[in-house]
Amino acid sequence: MMTLEPPRSMVPRVEASSGEVWRELGLSRAGLGRYLRVAQAAVGLRGEVAVLLAGDRTLRRLNREFRDIDKATDVLSFPAERMMNSGHAGDLAISLETAARQAREHKHSLRDEVRVLLLHGLLHLVGMDHETDHGEMAEREAMLRKRFGLKTGLIARSGRRSSIRRGVKA
């Protein structure tokens with residue numbers, strides 16, 4: 001399931017239909033859904049993944065609530081509890097505002113940036129962690145980015161480390 005809650009700053013026409021909003025953002029629900037399924041299979045993740053595409057304000061709230069970090073971020077991963085799994089692999093939340101800034105900065109489309117963020121989040125959902133591993137997640141992300149034609153990835157371009165609290169990964 002993919003939920004789109006774009007910030008008003010990105011879609012000023014409040015009366016626009018859902019389909020129009022997706023088009024205005026240069027995104028396709030069907031296209032991102034297909035990519036999510038292919039990327040999910042490539043990382044070896046089974047089960048449903050729910051994706052929320054929202055704004056910085058929402059991601060800041062989630063980051064504060066689940067990671068005790070009071071700032072917006074680009075992507076958050078919420079792995080499903082193993083005991084409660086029942087076919088649900090986890091949830092991803094992506095900030096469209098941050099994704100748009102990063103897309104401009106790296107000179108590619110918002111669609112490609114959302115794909116980069118989905119891939120990064122999926123790798124966290126399968127248990128990979130670039131903060132504690134020895135480069136395995138970065139290597140896997142680079143290989144999959146190449147397969148999917150994505151030029152830049154979060155780990156490679158930022159070199160940042162994320163802190164992890166309460167099972168939520170950035």
Return the pairs, sorted by first residue and then second, in which the second residue is part of a loop (DSSP other than H, G, I, E, B) and of a type in the set (Asp, Glu), the first residue lies in the range 54-76 and is in contact (Cβ under 8 Å) with a residue 60 or more places away in the chain, the beta carbons are less than 8 Å apart, and the residues are 6+ apart or on different chains. 63/70
Quick check on the range 63-79. Is at least one of its residues part of a helix (DSSP H, G or I), of a type in the set (Lys, Arg) and under 21 Å from residue 129 (Cα atoms)? yes
Complete set of residues in the range 104-121 that are aliphatic (A, V, I, L, M) and surrounded by fewer than 21 Cβ atoms within 10 Å (Cβ to Cβ): 110
Go through the range 1-51 and give me each residue that's at pLDDT 80 or above, surrounded by 14 or more Cβ atoms within 10 Å (Cβ to Cβ), assigned to a loop (DSSP other than H, G, I, E, B) and not small (Gly, Ala, Ser). 7, 10, 25, 27, 45
Please specify each residue of the range 119-128 satisfying the condition of being part of a loop (DSSP other than H, G, I, E, B), in contact with a helix residue (DSSP H, G or I) (Cβ under 7 Å, 6 or more places away or on another chain) and either over 20 Å from residue 152 (Cβ atoms) or at pLDDT 95 or above (or both). 126
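The values are calculated or read from the model by the stated rules, or taken from the named source; none is laboratory data. All values derive from a computational prediction rather than experimental measurement. In this analysis, Cβ positions are derived from the backbone assuming ideal geometry, glycine residues included, and neighbour counts consider all displayed protein chains.
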